[in-house]
Amino acid sequence: MRIQCRRRSIPVRGLRNGLPVALLALACATALTSAARAQSPALAELLSGVVHMKTFINPDGRTTRTLGREREGSAIVIDSNGLILTIGYLMVEAHSAEVMTNDGQDVPANIVGYDHQTGFGLLQAIAPLKVQPLAFGKSAELKERDAVVVVSAPPEVQHSRVLQRPGMTMDKLEAILAKQMPDAEKRRRADFIVDTSRGLEPARAQVRAILAAIATMPKRR
């Protein structure tokens, strides 16, 4: 059974070749990693491409007051050379970064670039990560009645998170949302919903429950 994972996302005009899918993968795979270890060695190997990242910010940076001088979050390895994709706010004004794999490997990474329009950031590990890159999904391969997982949060939580991005305003946010399917409609169409408003551990628990439910579902075709 194929699973499609959706979440509310910022339109991607500045980056190409599958990065929107990669952001969805980052949102879903972060929560899936712990569940994968318990469910399947093959899935755990696949999700080894989800890594932890720590960035160190220029002390004179204008975002240090709101986002801090050290930031941590998740990222995904997207090629065999150690190119890493993450949420941009983790690396705004960063001068250095460190990547931590699920097997405890710590590797420094260079900042490649940050795209203000899309909110994506790219880094390059300076040594081999010894993980399996997370493959880009292909929306063209999705078929009718594939299971859909929506990763979401209440509107007030979504707004609070997005408005923390440098340069983001309510007017910009409203313009972005106007171009997207309403969150309520995404939820209505979903087979499963992961609510991220209560933190990472509750989200992981929801994913474990979803994996257990999927394991018992009959094949749809």
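The values are calculated or read from the model by the stated rules, or taken from the named source; none is laboratory data. Bear in mind that the values here come from a model prediction, so they are computed numbers and not experimental data. Here the Cβ is made from the backbone with ideal geometry for all residues, glycine too, and neighbour counts use every protein chain on show.
Of note:
- Search result, residues across region 107-126 that are surrounded by fewer than 21 Cβ atoms within 10 Å (Cβ to Cβ) and under 18 Å from Asn81 (Cβ atoms): Val107, Pro108, Asn110, Ile111, Val112, Gly113, Gln124, Ile126
- Flag for Val112 being over 30 Å from Asp191 (Cα atoms) and part of a strand (DSSP E or B): yes
- Hits in region 70-95 - residues which are in a strand (DSSP E or B), surrounded by 15 or more Cβ atoms within 10 Å (Cβ to Cβ) and not charged (D, E, K, R): Gly73, Ser74, Ala75, Ile76, Val77, Leu83, Ile84, Leu85, Thr86, Ile87, Ala94
- In the set (1) touching a strand residue (DSSP E or B) at 6+ places or on another chain (Cβ under 6 Å); (2) not in a strand (DSSP E or B), Asp103 fails one condition alone, (1).
- Counted residues, region 132-167 - those being part of a loop (DSSP other than H, G, I, E, B) and in contact with a Phe, Trp or Tyr (Cβ under 8 Å, 6 or more places away or on another chain): 3
- Of all residues assigned to region 50-63, at least one qualifies as being outside any helix (DSSP H, G or I), basic (Lys, Arg), in contact with an Asp or Glu (Cβ under 6 Å, 6 or more places away or on another chain) and not assigned by TED's automatic domain parsing to the domain that holds Val162.
- Residues that are under 26 Å from Glu72 (Cβ atoms) and at pLDDT below 85 were ranked within region 177-201; the one that is surrounded by the fewest Cβ atoms within 10 Å (Cβ to Cβ) is Gly199.
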